[in-house]
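These notes concern the structure reproduced below.
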Amino acid sequence: MPVLLLVSAALAAAPLPVTAVDPTAYDRAVAARRAHRPEDAVQLLEPLLAAEPGNVDARVQYGYALLALGRSDAAAAAFTEVLRRAPGYADARDGLALARRRRAEVVPRWRLDLDAGTSAVRGQPDWRELDGQLRYQLDARTALTGRIEATRRFGLDDTYGEVRVDARVSPRVDLYASAGGTPGADYRPRWQLGGGLAARLTDGGRATVLTLDARAARYASGRVETLVPGVQQYVAGGRAWVTAQWINLFADGRHRSGLLGRGDVQASERLRLFAGAARAPDTSEGIVTRVTTVFGGVAATLDPRHELRLSAAHVDQSLGPSRTDLSLGLGVRF
């Protein structure tokens with residue numbers, strides 16, 4: 001019995017085993033932050049810092065990820081701790097100065113996007129389109145969006161309006177739901193309901209994201225439903241990604257399908273390029289037609305609050321004339 005007591009006492013006095021830390025967590029967190037996914041970076045870095053509180057490199061990355069999430073006070077605390085341990089760490093000093101400036105600023109919750117487009121249609125007057133979208137970020141997980149699209153085609157004007165709710169239900173899953181309609185519709189949907197999700201399977205610079213979008217709409221000519229599963233694959237440390245979608249359209253008791261492929265490249269911190277092609281069914285004026293589309297464009301961040309977009313596309317339809325689209329857009333955060 002005394003021997004058992006001694007063994008028990010020794011076991012009780014022994015330190016608890018330290019939870020193993022993923023050796024790739026730091027690199028994956030850096031890649032996630034550079035790919036504009038600060039939530040993932042924070043999720044990876046917090047267990048690492050709990051196990052290695054003296055890891056100043058990880059804490060600097062943690063501070064910048066917190067800044068991207070608008071958590072300036074927590075970021076300042078992270079940078080201050082780094083400087084306490086490593087007073088000469090320049091990135092931490094710069095981060096602390098940035099966090100202090102951010103604390104004095106109002107974090108933008110609103111985003112306004114304005115887009116104007118024109119389409120040169122063979123054998124018809126040009127089409128015109130003007131879109132306005134206003135998004136409000138309620139909190140880190142929820143956003144509300146209102147959108148209005150005013151179009152002119154065939155000498156007729158339609159104005160479509162839509163509201164949308166986006167919600168992050170977990171660190172890896174985002175959901176959305178939308179509803180819209182066109183008063184006195186001529187060629188746009190009389191009503192339309194939509195929903196979808198994005199689920200991140202892996203993190204880091206080679207993240208894989210599965211997407212699913214579904215819509216049901218009523219046109220003057222009848223009801224149309226679409227179901228679009230897709231995948232996004234990040235490469236090059238998160239600075240480039242490819243998107244593939246399988247487009248399924250249901251109308252008139254028939255199922256039609258096609259494919260879309262797209263590539264995006266973050267050429268620099270302020271410049272993103274994209275291009276793609278699709279051969280798939282589409283709904284034009286409520287009529288289902290097969291279209292072949294090639295498109296491309298550029299998005300330039302002018303400063304933290306302003307973005308400029310330019311895109312072009314050429315569309316060939318199995319039923320109807322071909323057209324060339326050109327669009328110019330501006331995004332403003334406030």
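Conditions (1) surrounded by 15 or more Cβ atoms within 10 Å (Cβ to Cβ); (2) of a type in the set (S, T, N, Q); (3) in contact with a Phe, Trp or Tyr (Cβ under 7 Å, 6 or more places away or on another chain), marked per residue:
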| position | (1), (2), (3) |
| --- | --- |
| F250 | yes, no, no |
| G261 | no, no, no |
| L271 | no, no, no |
| T292 | yes, yes, no |
| L310 | no, no, no |
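Under the condition of being surrounded by 18 or more Cβ atoms within 10 Å (Cβ to Cβ) and either small (G, A, S) or over 19 Å from A199 (Cβ atoms) (or both), which residue from region 229-238 is modelled with the highest pLDDT? Walk me through it before giving the result.
Going residue by residue through region 229-238, those that are surrounded by 18 or more Cβ atoms within 10 Å (Cβ to Cβ) are 230, 232, 234, 238.
Still in the running and either small (G, A, S) or over 19 Å from A199 (Cβ atoms) (or both): 230, 238.
On the way: G230: 98, G238: 82.
Checking each candidate, the answer is G230.
Residue-by-condition table, conditions (1) β-branched (V, I, T); (2) touching a strand residue (DSSP E or B) at 6+ places or on another chain (Cβ under 7 Å); (3) surrounded by 14 or more Cβ atoms within 10 Å (Cβ to Cβ); (4) touching a residue at least 12 places away in the same chain (Cβ under 8 Å):
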site: G194; (1), (2), (3), (4): no, yes, yes, yes
site: T208; (1), (2), (3), (4): yes, yes, yes, yes
site: A216; (1), (2), (3), (4): no, yes, yes, yes
site: L227; (1), (2), (3), (4): no, yes, yes, yes
site: Q245; (1), (2), (3), (4): no, yes, yes, yes
site: G253; (1), (2), (3), (4): no, no, no, no
site: G258; (1), (2), (3), (4): no, yes, yes, yes
site: Q266; (1), (2), (3), (4): no, yes, yes, yes
Determine the pairs where a residue that is modelled with pLDDT under 95, located within region 305-334, has a partner that is of a type in the set (F, W, Y) with Cβ atoms under 6 Å apart, the partner being 6 or more residues away or on another chain.
F334/W110
Give region 261-283 a look and list any residue that's part of a loop (DSSP other than H, G, I, E, B) and of a type in the set (K, R), or say none.
R270
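Here is a yes/no grid of residues against (1) under 28 Å from Q43 (Cβ atoms); (2) outside the structural domain of T118 (by TED's automatic domain parsing); (3) within 19 Å of the chain's Cα centre (by Cα); (4) surrounded by 14 or more Cβ atoms within 10 Å (Cβ to Cβ):
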position: Q137; (1), (2), (3), (4): yes, no, yes, yes
position: A140; (1), (2), (3), (4): yes, no, yes, no
position: F154; (1), (2), (3), (4): no, no, no, no
position: V165; (1), (2), (3), (4): yes, no, yes, yes
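Condition check ((1) of a type in the set (D, E); (2) at pLDDT 95 or above; (3) within 19 Å of the chain's Cα centre (by Cα); (4) not assigned by TED's automatic domain parsing to the domain that holds L44) across all residues:
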| position | (1), (2), (3), (4) |
| --- | --- |
| G180 | no, yes, no, yes |
| D186 | yes, no, no, yes |
| W191 | no, yes, no, yes |
| G205 | no, no, yes, yes |
| L210 | no, yes, yes, yes |
| G222 | no, no, no, yes |
Selected residue (only one of P53, P125 is outside the structural domain of R309 (by TED's automatic domain parsing), loosely packed, with under 14 Cβ neighbours inside 10 Å, assigned to a loop (DSSP other than H, G, I, E, B) and free of Cβ contacts under 8 Å to residues at least 60 places away in the same chain)
P53
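The values are calculated or read from the model by the stated rules, or taken from the named source; none is laboratory data. Owing to the predicted nature of the structure, the values given are computational and were not obtained by experimental measurement. Note: ideal-geometry Cβ built from the backbone for every residue, glycine included; neighbour counts use all protein chains shown.
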